[in-house]
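Structure record follows, encoded as structure tokens.
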Amino acid sequence: MEDRQQHTEEEIRERLNQSGLKATPQRVLVYEAMCALGHASADAVFQHLGAGQGKMTLATVYNVLESMTQAGLLIRRPSFSSKMYFDVHTDAHCHIYQQDTSEISDFCDETLQRNVEARIRAQLPAGLQLDRVEIQILCHSQSHEA
Ligand SMILES: [Zn+2]
């Protein structure tokens, strides 16, 4: 799941259209960036787009990410930093959050995810309905010092 996806512009347009979004040049650029990055904050997408053609403001990047989230193309992942990350993989999976680099990456263990969800569902207080379970594993790089 960690594979960085490369999509042709045509595929991206089609995916946007299927989600009910018009494939504007800005949306195509932002989705392309998200596919390359996998998980990214609005800031990171903004940085990734750099000073390229059709440069967008950070606010525009954020708005585009929001509209894609609402259309179901992206999902928000909270993190232990103050940043909200967007994820191109909208299915349920766990994440590793690296505290020293603020990097977020996939940790795929379907059985773990399923078991945790089932256990929580079975014990959920009355009157509550489970939306989803976000499992985030906090790590940092091991020091190479002896
Ligand atoms: Zn992910």
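The values are calculated or read from the model by the stated rules, or taken from the named source; none is laboratory data. No experiment lies behind these values; they were computed from the predicted model shown. Here the Cβ is made from the backbone with ideal geometry for all residues, glycine too, and neighbour counts use every protein chain on show.
Every listed requirement among (1) within 16 Å of the ligand (Cβ to nearest atom); (2) in the same structural domain as Asn17 (by TED's automatic domain parsing); (3) surrounded by 14 or more Cβ atoms within 10 Å (Cβ to Cβ) is met by Gly72 save one, (3).
Out of region 87-100, which residues are away from the ligand (no atom under 16 Å from the Cβ) and either loosely packed, with under 11 Cβ neighbours inside 10 Å or modelled with pLDDT of 95 or more (or both)? Before the answer, list the steps.
Filtering region 87-100 down to residues away from the ligand (no atom under 16 Å from the Cβ) leaves 99-100.
Asp100, the sole residue that qualifies.
Pairs linking a residue in region 1-27 that is at pLDDT 85 or above to a residue that is in a loop (DSSP other than H, G, I, E, B) and surrounded by fewer than 13 Cβ atoms within 10 Å (Cβ to Cβ), with Cβ atoms under 8 Å and 6 or more positions apart or on different chains, are Leu16/Lys22; Ser19/Gly72; Pro25/Gly54; Gln26/Gly54. Of all the numbered requirements in (1) assigned by TED's automatic domain parsing to the domain that holds Val28; (2) within 16 Å of the ligand (Cβ to nearest atom); (3) of a type outside the set (Asp, Glu), Asn63 misses one, and that requirement is (2).
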